[in-house]
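Notes for the one structure printed next.
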Amino acid sequence: MSLLSVRDLTVKFAMRDETVTALNGISFDLAKGERLGIVGESGAGKSITGFSLMNLLSRPGFIDSGKILFEGEDVVQMNDKRLRNLRGNRMAMIFQDPMVTLNPVLTIGQQMIETLMAHRKLSREEARQIAIVKLREVYIPSPEERLEQYPHELSGGMRQRIIIAIALLLDPQLIIADEPTTALDVTIQADIMELMLELCQSNQVGLILITHDLGVVSQMTERTLVMYAGRIIEAGRTREIINDPQHPYTQGLINALPQQTLPGQRLKQIPGNMPGLTSIPTGCAFNPRCKYATDLCRSRVPEIVHYGEVEVACHEVQRLHSDEDRQEARA
Amino acid sequence: MSIETLSPKSEPSRWSKAWNSNMGYSFRRNPVAVVSMAVFLLIAVAAFLAPLIAPYDPYDPGSIDIMNSEYPPAWVSGSLPEFKLGTDDQGRDLWSTILYGTRLSLLIGICAVALQAFLGISIGLIAGYVGGRLDSLLMRMADIQLSFSTLMVAIIFLAVTQAMFGTDTFNRYAVVFLIAVIGVAEWPQYARTVRATVLAEKKKEYVDSARVLGFGPMRIMVRHILPNSLSPIFVISTVQVANAIISEASLSFLGLGMPPSQPSLGSLISSGFDYIFSGSWWITAIPGVVLVVLVLVINLLGDWMRDVLNPKLYKG
């Protein structure tokens with residue numbers, strides 16, 4: 001049985017006089033200890049997916065339909081008490097900006113000990129010992145002293161380590177990391193990613209990594225979902241998706257990487273912007289920006305089909321490939 | 001510099017931490033704040049030690065001799081040496097009576113503010129955190145409360161209770177009534193400020209991360225949001241203590257507060273008011289000066305605090 005399985009998840013936002021669909025029929029599975037990447041532009045629905053998995057959406061967002069089965073239980077149907085038991089305990093989340101994620105007026109120790117004591121029947125001293133062990137695991141030097149410090153006394157990298165330690169505090173089955181390194185500089189980014197990879201592998205913790213950094217995804221994850229305008233448009237093994245993307249959007253993303261361009265040339269960006277939630281075009285949401293778009297693309301939403309090693313939602317994936325094959329043959 | 005000061009092991013005490021903090025530093029650099037604090041502490045300590053300091057007990061009818069009434073202060077001719085600030089119309093030693101009266105005024109002021117703070121902070125937290133209809137309902141209640149002036153509400157309430165319970169019962173519980181009415185009348189000040197800060201704080205990610213860690217709403221409100229909203233609360237509290245003391249004095253002056261047998265500063269001023277044209281100015285003037293100084297130093301401290309703590313959050 002998979003750890004997490006999401007079926008036809010639809011999330012809507014109630015606006016003043018209409019509801020807009022932020023997530024449209026998302027389905028995916030995550031095995032125990034598996035690492036999954038979710039990529040896409042800003043506004044594609046990545047973070048919303050992360051929040052829905054914990055049933056943390058607040059007004060005006062709500063889960064309209066679908067199931068989120070976590071260890072066989074439907075998160076969508078859970079009452080507040082069961083949800084509180086789930087959050088932090090079996091599922092943890094790491095946010096983007098470590099500067100604002102920790103409570104500024106409580107010491108690191110207070111925050112960690114309080115978290116432990118809220119979920120487990122522990123004495124203060126036992127909780128303190130666990131906190132120290134967890135801080136050691138994330139390579140924090142002299143953890144006893146850190147417990148007495150306030151967040152503002154620590155650097156960004158240090159804080160993100162502490163946030164990871166807090167996420168791991170109760171040995172969750174799944175960690176959702178929402179752009180965990182975006183706010184950090186590049187060298188610390190690499191450290192943190194390595195640390196997360198190591199911890200996930202050694203503790204058999206599942207990881208959902210939400211990011212727009214394809215480099216990070218290829219380094220960290222086994223499988224990848226590509227999202228666009230609230231839908232999954234391509235899913236499969238990370239290696240396949242990075243090396244041989246099928247959907248024109250994924251291809252565009254990969255081509256837009258600076259490594260794909262010679263120095264001095266312009267970056268190959270995807271023309272246009274992601275459509276707003278109120279103005280998603282009919283048919284394939286990507287069609288206005290897609291150079292392969294046909295009338296079919298403009299009128300009907302593509303089904304997800306298996307193509308090669310991956311699943312992809314594109315009408316033209318067949319033609320696209322035969323074109324490529326022809327081009328290759330000509331060359 | 002000695003080695004000892006460099007070693008990281010020496011843990012600074014709580015007091016020296018506070019003294020060396022930003023607030024401690026700005027306090028030392030601000031002569032107005034230092035003087036205000038000194039005066040306030042002097043008054044407060046003298047007031048709370050009144051039974052030890054005061055030469056007479058103004059509540060004890062046995063120690064009062066009506067024949068001693070209206071002696072002037074020691075520096076005016078015709079005074080008696082044992083009454084340094086003179087006596088009032090009933091022959092009570094003014095110095096002792098002021099000490100006891102200040103104690104009452106401070107007590108009522110601080111307790112009323114504690115009540116206001118309790119009501120206002122709870123309501124503000126709930127309104128800000130829960131939001132939606134409940135928020136609108138609570139804030140409209142606050143608006144309605146604010147549209148009546150504090151004194152008007154207090155006068156009506158106290159006049160009605162006085163009539164209902166009779167003067168004797170009323171006088172016995174006057175302290176409680178005053179605290180209740182001043183406390184209830186001013187809660188919206190707190191509720192509005194706390195709500196505004198909570199609205200700003202609850203959008204911050206540490207609140208999300210607390211929810212992600214599975215904390216309940218009660219714990220998030222009290223343990224996570226409230227400590228982050230404390231600085232405006234401190235600022236309002238000082239200002240409100242001064243306001244509450246003034247309100248109490250006004251009500252007592254109008255005869256709706258402390259009875260003449262247990263005078264607060266307000267009732268003392270009021271009782272002397274009848275004699276001011278017969279030459280006994282000191283019965284009104286001296287307690288008046290004490291009241292003004294007390295309120296002034298509290299307000300000056302509040303001003304200083306507002307400047308030190310985040311001034312953007314203060315909406316008084």
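The values are calculated or read from the model by the stated rules, or taken from the named source; none is laboratory data. The structure presented is a predicted model; accordingly, all values stated were derived computationally and were not measured. Cβ: placed from backbone, ideal geometry, glycine included. Neighbour counts: every protein chain shown.
Observations, loosely collected:
- Any chance B:Gln116 is outside any helix (DSSP H, G or I), touching a residue at least 60 places away in the same chain (Cβ under 8 Å) and not β-branched (Val, Ile, Thr): no
- Which numbered condition B:Leu41 fails, given (1) loosely packed, with under 12 Cβ neighbours inside 10 Å; (2) within 17 Å of B:Ser261 (Cα to Cα); (3) under 22 Å from the mean Cα position of the chain (by Cα): (2)
- Residue within the range B:253-260 that is over 17 Å from the mean Cα position of the chain (by Cα) and in a helix (DSSP H, G or I) present: yes
- For the range B:140-166, a residue qualifies if it is polar (S, T, N, Q) and either without any contact (Cβ under 8 Å) to a residue 24 or more places away in the chain or within 17 Å of B:Ser252 (Cα to Cα) (or both), and the qualifying residues are B:Ser147, B:Ser149, B:Thr150, B:Thr161, B:Gln162.
- Considering residues of the range B:55-79 that are more than 16 Å from B:Gly279 (Cβ to Cβ) and among the small types (Gly, Ala, Ser) only, the residue surrounded by the fewest Cβ atoms within 10 Å (Cβ to Cβ): B:Gly62
- Looking at the range B:149-224, the helices (runs of 4 or more DSSP H) lying wholly inside it that each contain 2 or more residues that are within 14 Å of chain A (Cβ to nearest Cβ) and either touching a Phe, Trp or Tyr at 6+ places or on another chain (Cβ under 6 Å) or at pLDDT below 90 (or both) sit at B:187-202, B:205-212.
- Scanning the range A:17-36 for residues that are among the aliphatic types (A, V, I, L, M) and part of a strand (DSSP E or B) yields A:Val20, A:Ala22, A:Leu23, A:Ile26, A:Leu30, A:Leu36.
Residue-wise test of (1) in the same structural domain as A:Pro275 (by TED's automatic domain parsing); (2) surrounded by fewer than 18 Cβ atoms within 10 Å (Cβ to Cβ); (3) in contact with an Asp or Glu (Cβ under 7 Å, 6 or more places away or on another chain).
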site	(1), (2), (3)
A:Lys32	no, yes, no
A:Ser42	no, yes, no
A:Leu53	no, no, no
A:Arg59	no, yes, no
A:Phe62	no, yes, no
A:Gly66	no, no, yes
A:Asp74	no, yes, no
A:Leu86	no, no, no
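Every residue, every condition in (1) surrounded by 22 or more Cβ atoms within 10 Å (Cβ to Cβ); (2) within 12 Å of chain B (Cβ to nearest Cβ); (3) at pLDDT 90 or above, yes or no:
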residue	(1), (2), (3)
A:Met117	no, yes, no
A:Ile132	no, no, yes
A:Arg161	yes, no, no
A:Ala167	yes, yes, no
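- Taking the range A:173-192 as the range and being under 27 Å from A:Ser42 (Cβ atoms) and either within 14 Å of another protein chain (Cβ to nearest Cβ) or not in a helix (DSSP H, G or I) (or both) as the test, the residues that pass are A:Leu174, A:Ile175, A:Ile176, A:Ala177, A:Asp178, A:Glu179, A:Pro180, A:Thr181, A:Thr182, A:Ala183, A:Leu184, A:Asp185.
- Among the conditions (1) closer than 20 Å to A:Ile208 by Cβ; (2) within 13 Å of another protein chain (Cβ to nearest Cβ); (3) β-branched (Val, Ile, Thr), A:Ile108 misses just one, which is (1).
- Inside the range B:267-299, residues that are among the small types (Gly, Ala, Ser), touching a residue at least 24 places away in the same chain (Cβ under 8 Å) and closer than 20 Å to B:Glu248 by Cα make up a count of 3.
- Listed by first and then second residue, the pairs linking a residue in the range A:88-117 that is without any contact (Cβ under 8 Å) to a residue 12 or more places away in the chain to a residue that is in a helix (DSSP H, G or I), with Cβ atoms under 6 Å apart and 6 or more places separating them unless they lie on different chains, are A:Val100/B:Glu205; A:Met117/A:Ala127.
- Any chance B:Glu248 is assigned to a helix (DSSP H, G or I), under 19 Å from the mean Cα position of the chain (by Cα), at pLDDT 85 or above and of a type in the set (D, E, K, R): yes
- Options A:Asp97, A:Asp80: the member that is modelled with pLDDT under 85 and exposed (fewer than 13 other Cβ atoms within 10 Å of the Cβ): A:Asp80
- Screening B:Val308 on (1) under 21 Å from the mean Cα position of the chain (by Cα); (2) among the β-branched types (Val, Ile, Thr); (3) farther than 22 Å from B:Asn22 by Cβ; (4) at pLDDT below 85 shows it passes everything except condition (3).
- A search for C-beta distances below 8 Å between a residue of the range B:58-73 that is free of Cβ contacts under 8 Å to residues at least 12 places away in the same chain and any residue that is assigned to a loop (DSSP other than H, G, I, E, B) and of a type in the set (Asp, Glu), counting only pairs 6+ apart in sequence or on different chains, returns B:Ser63/B:Asp57.
- Complete set of residues in the range A:67-94 that are among the β-branched types (Val, Ile, Thr) and either over 26 Å from A:Ile163 (Cβ atoms) or within 9 Å of chain B (Cβ to nearest Cβ) (or both): A:Val76, A:Ile94
- Test result for B:Gly255, over 27 Å from B:Gly302 (Cβ atoms) and either charged (D, E, K, R) or without any contact (Cβ under 8 Å) to a residue 40 or more places away in the chain (or both): yes
- Qualifying residue in the range B:225-233 (condition: under 30 Å from A:Thr101 (Cβ atoms), within 14 Å of another protein chain (Cβ to nearest Cβ) and in contact with a strand residue (DSSP E or B) (Cβ under 6 Å, 6 or more places away or on another chain)): no
- Pairing residues of the range B:216-245 that are without any contact (Cβ under 8 Å) to a residue 12 or more places away in the chain with residues that are basic (Lys, Arg), at Cβ distances under 9 Å and at least 6 apart in sequence or on separate chains, gives B:Gly216/A:Lys81; B:Gly216/A:Arg84.
- Which listed residue is in the same structural domain as A:Val310 (by TED's automatic domain parsing) and touching a helix residue (DSSP H, G or I) at 6+ places or on another chain (Cβ under 6 Å), from A:Ile192, A:Ile242, A:Ile176, A:Ile270: A:Ile270
- Residue list for the range A:180-195, filter: among the hydroxyl-bearing types (Ser, Thr, Tyr) and buried (at least 19 other Cβ atoms within 10 Å of the Cβ): A:Thr181
- So B:Ile123, is it closer than 30 Å to B:Lys203 by Cβ and among the hydrophobic types (A, V, I, L, M, F, W, C): yes
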